[in-house]
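Visitor: Before anything else, here's the structure in question.
The values are calculated or read from the model by the stated rules, or taken from the named source; none is laboratory data. The model shown is predicted, which means the values in this text are computed figures rather than measured ones. Counting neighbours? That spans all protein chains shown, and the Cβs are built from the backbone with ideal geometry, glycine included. Calculation scope for accessible area: heavy atoms of the full protein, side chains included, ligands and nucleic acids excluded. Shrake-Rupley method; radii C 1.70, N 1.55, O 1.52, S 1.80 Å.
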Amino acid sequence: SVGRLRVRRSGSDGGQRGMRDIIYQLSSDQFPRIKIGVGQKPDPRMPLADWVLSPFGAQELDVLREKLETVYLGVCDILRGDTDGAMQRCNGK
C-alpha cells in the first residue's frame with residue numbers, strides 16, 4: 001500500500017534499475033535500505049515503470065507526508081549503525 005515502510009538489511013535490486021546501479025557501484029548488496037510502498041497499479045496491463053514513475057495524487061501525497069518524520073528517523077538510525085532500531089521504528093508502519 002502507499003506509504004508502507006520496510007527496512008531491509010540487504011538484498012537484491014528487486015528489478016529496480018536505480019537500486020541495481022547502486023549495487024553495481026558498491027559491488028555489494030550488503031547495505032540497509034528503506035522501502036516506501038507506492039501502492040498497486042490501477043491496471044494490471046500498465047507497465048510497472050510507468051506506474052512507479054507516475055506522479056502521486058493528492059491523497060497519496062498526504063499519506064507520504066505523514067511518513068516523512070518516521071523515514072527521516074529511520075535513516076538517522078541506519079546512519080548511526082542501528083539498523084535494528086530502524087526496523088523497529090519503520091517496519092509495517
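Visitor: Right, residue 1: part of a loop (DSSP other than H, G, I, E, B) and open to solvent by less than 80 Å² (accessible area, probe 1.4 Å) or not? Before the answer, list the steps.
Guide: Values: part of a loop (DSSP other than H, G, I, E, B): yes; open to solvent by less than 80 Å² (accessible area, probe 1.4 Å): no.
Criteria not met by residue 1.
Visitor: Next question. Kindly list, by first and then second residue, each pair from a residue in the range 26-52 that is on the phi < 0 side of the Ramachandran plot to a residue that is assigned to a strand (DSSP E or B) and open to solvent by 80 Å² or more (accessible area, probe 1.4 Å), limited to pairs with Cβ atoms under 8 Å and residues at least 6 apart or on different chains.
Guide: The qualifying pairs are 34/6; 35/6; 37/6.
Visitor: For the range 21-35, name all the residues that are of a type in the set (A, V, I, L, M) and loosely packed, with under 14 Cβ neighbours inside 10 Å.
Guide: Narrowing the range 21-35 to residues of a type in the set (A, V, I, L, M): 22-23, 26, 34.
Passing the criteria: only 26.
Visitor: Exactly one of these conditions fails for residue 16: (1) more than 19 Å from residue 78 (Cα to Cα); (2) at pLDDT 95 or above. Give me its number.
Guide: Among (1) more than 19 Å from residue 78 (Cα to Cα); (2) at pLDDT 95 or above, the lone unmet condition for residue 16 is (2).
Visitor: Could you please find all residues in the range 57-89 being in contact (Cβ under 8 Å) with a residue 12 or more places away in the chain and more than 26 Å from residue 31 (Cβ to Cβ)? Don't jump to the end; show me each part of the working.
Guide: Pass one, the range 57-89, residues in contact (Cβ under 8 Å) with a residue 12 or more places away in the chain: 60, 63-64, 66-67, 70-71, 73-75, 77-78, 83, 86-87, 89.
Across the range 57-89, the qualifying residues are 60, 63, 66.
Visitor: Which numbered condition trips up residue 18, out of (1) surrounded by 14 or more Cβ atoms within 10 Å (Cβ to Cβ); (2) within 14 Å of the chain's Cα centre (by Cα)?
Guide: (1)
Visitor: Moving on. Inside the range 36-48, can you point out the residues that are within 20 Å of residue 14 (Cβ to Cβ) and open to solvent by 50 Å² or more (accessible area, probe 1.4 Å)?
Guide: In the first step, residues of the range 36-48 are kept if they are within 20 Å of residue 14 (Cβ to Cβ); the result is 36-41, 44, 46-48.
Matches in the range 36-48: 36, 40, 41, 44, 46, 47, 48.
Visitor: How many residues, within the range 52-93, are open to solvent by less than 40 Å² (accessible area, probe 1.4 Å) and out of contact with any strand residue (DSSP E or B) (no Cβ under 8 Å at 6 or more places or on another chain)?
Guide: 5
Visitor: Across the range 27-66, what is the number of residues that are under 16 Å from the mean Cα position of the chain (by Cα) and among the basic types (Lys, Arg)?
Guide: Matching residues across the range 27-66 total 3.
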